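Trainee: Have a look at this one before I ask anything.
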Amino acid sequence: MDNRFSMKGSNAVVTGATRGIGLAIARGFLKSGATVTLCGRKQEGVDDALANLSDHASNVLGVAAHVGKVEDIERLIASAEERFGPVNTLVNNAGTNPYYGPIADSEDWAWDKTMDVNLRGPYLLSRRVGVKMTAEGGGSIINISSIAGLAASVNQGIYSVTKAGLIMLTKVMAREMGGSGVRVNCICPGVIRTQLSRALWEDEKAAKKYLARKALGRIGEVDEVVGAAIYFASEASSFTTGAVLQVDGGMVI
């Protein structure tokens, strides 16, 4: 059974992988036997991530790319294919949340920027990679959404809308591409100790209120999302598609 979780033969692209959850997933994939092309928006961040993964230097490639830009996405895919061959695993992890406050008080730029990265990027990448996976006989697309996509998130409304859209993109593509052997699944983390969620877990009052709703009563760590990603990327989930898995410490209260 252990072999079903092996990622030997997997060639993965992981976006937003220069830190946080994306970097942890890239490291987990490499340790499980995959080759990985990681991307981030800035070259400096990509270089830092590659240095962090130096033990796997021969199996990892870094590309600076903005997932909301078509030309960057096409260059990212081409680079991964040139180095390691056809991509059969895609993790859409890149995300942003530049505005905190009521939607009524927001400005157009905040909507456009959040949509570009959180929803348009996964749409553009999944469409292109999905077609290639279909031609190769299958693959796995993993979208990193959020529990904010499952319920209205006060003061994070734009972010919440994009993450809800990503969940539906997962379900629609799973339905459409299942017959071609392409599986599409979604992970919804709760508050994980990352730079993106710093405002939530550093605010003692907000954190206490949030933790009161969690069965495990603590903030999550980035490595605690990796197992779910390996499950969806490997043959262990060969009969799973369209799934939305919460990794949130038990938001059941």
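Trainee: Leu76 fails exactly one of the following numbered conditions: (1) part of a loop (DSSP other than H, G, I, E, B); (2) touching a residue at least 60 places away in the same chain (Cβ under 8 Å). What is the number of that condition?
Mentor: Failed condition: (1).
Trainee: Can you name the residue in the range 219-237 that is within 13 Å of Asn3 (Cα to Cα) and not small (Gly, Ala, Ser) and is also surrounded by the most Cβ atoms within 10 Å (Cβ to Cβ) among such residues?
Mentor: Ile230
Trainee: From the list Ala51, Ala65, Ala12, which residue is of a type in the set (Gly, Ala, Ser) and closer than 23 Å to Cys188 by Cα?
Mentor: Step by step, each of Ala51, Ala65, Ala12 is checked, and only Ala12 is of a type in the set (Gly, Ala, Ser) and closer than 23 Å to Cys188 by Cα.
Trainee: Of all the residues that make up the range 131-146, how many are of a type in the set (D, E, K, R) and free of Cβ contacts under 8 Å to residues at least 40 places away in the same chain?
Mentor: Matching residues across the range 131-146 total 0.
Trainee: Keeping to the range 1-25, report how many residues are free of Cβ contacts under 8 Å to residues at least 60 places away in the same chain and either surrounded by 20 or more Cβ atoms within 10 Å (Cβ to Cβ) or touching a strand residue (DSSP E or B) at 6+ places or on another chain (Cβ under 7 Å) (or both).
Mentor: So the count comes out to 1.
Trainee: Right, something else. Being touching a residue at least 24 places away in the same chain (Cβ under 8 Å) and surrounded by fewer than 21 Cβ atoms within 10 Å (Cβ to Cβ) is the requirement here; does Pro86 meet it?
Mentor: yes
Trainee: Tell me yes or no: at least one residue of the range 140-153 is closer than 22 Å to Glu235 by Cβ, assigned to a strand (DSSP E or B) and over 15 Å from the mean Cα position of the chain (by Cα).
Mentor: no
Trainee: Across the range 129-162, what is the number of residues that are surrounded by fewer than 16 Cβ atoms within 10 Å (Cβ to Cβ) and modelled with pLDDT under 95?
Mentor: 4
Trainee: Same structure, new question: Please state which one of Asp48, Asp72, Asp116, Asp55 is closer than 19 Å to Gly165 by Cβ and not hydrophobic (A, V, I, L, M, F, W, C).
Mentor: From the options Asp48, Asp72, Asp116, Asp55, the qualifying one is Asp116.
Trainee: Of everything in the range 147-182, what is in contact (Cβ under 8 Å) with a residue 40 or more places away in the chain, closer than 25 Å to Val129 by Cβ and touching a helix residue (DSSP H, G or I) at 6+ places or on another chain (Cβ under 7 Å)? Give them in sequence order.
Mentor: Those that are in contact (Cβ under 8 Å) with a residue 40 or more places away in the chain, closer than 25 Å to Val129 by Cβ and touching a helix residue (DSSP H, G or I) at 6+ places or on another chain (Cβ under 7 Å): Tyr159, Thr162, Lys163, Gly165, Leu166, Ile167, Leu169, Met173, Met177, Ser180, Val182.
Trainee: Within the set of pairs 6 or more residues apart or between chains, which connect a residue that is in contact (Cβ under 8 Å) with a residue 60 or more places away in the chain inside the range 96-110 to a residue that is of a type in the set (A, V, I, L, M) and part of a loop (DSSP other than H, G, I, E, B) with Cβ atoms less than 9 Å apart?
Mentor: Here the result reads Thr96/Leu196; Asn97/Leu196, each pair linking the range 96-110 to a residue that is of a type in the set (A, V, I, L, M) and part of a loop (DSSP other than H, G, I, E, B).
Trainee: Against the condition at pLDDT 95 or above and either part of a helix (DSSP H, G or I) or touching a strand residue (DSSP E or B) at 6+ places or on another chain (Cβ under 8 Å) (or both), how does Phe232 come out, does it pass?
Mentor: The answer is yes for Phe232.
Trainee: Moving on to the next point. All but one of (1) among the basic types (Lys, Arg); (2) in a helix (DSSP H, G or I); (3) over 13 Å from the mean Cα position of the chain (by Cα) hold for Arg183, so report the exception by its number.
Mentor: Result: Arg183 passes all but (2).
Trainee: Going through the range 27-48 one residue at a time, which ones are closer than 11 Å to Asn59 by Cβ, free of Cβ contacts under 8 Å to residues at least 40 places away in the same chain and of a type in the set (Gly, Ala, Ser)?
Mentor: Gly33
Trainee: Can you tell me which residue in the range 39-71 is farthest from Asn143 (Cα to Cα), limited to those that are assigned to a helix (DSSP H, G or I), out of contact with any strand residue (DSSP E or B) (no Cβ under 8 Å at 6 or more places or on another chain) and among the charged types (D, E, K, R)?
Mentor: Asp55
The values are calculated or read from the model by the stated rules, or taken from the named source; none is laboratory data. Small disclaimer: the values here were computed from a predicted structure and weren't measured. FYI the Cβ positions are ideal-geometry reconstructions off the backbone, even for glycines, and counts take in every protein chain you see.
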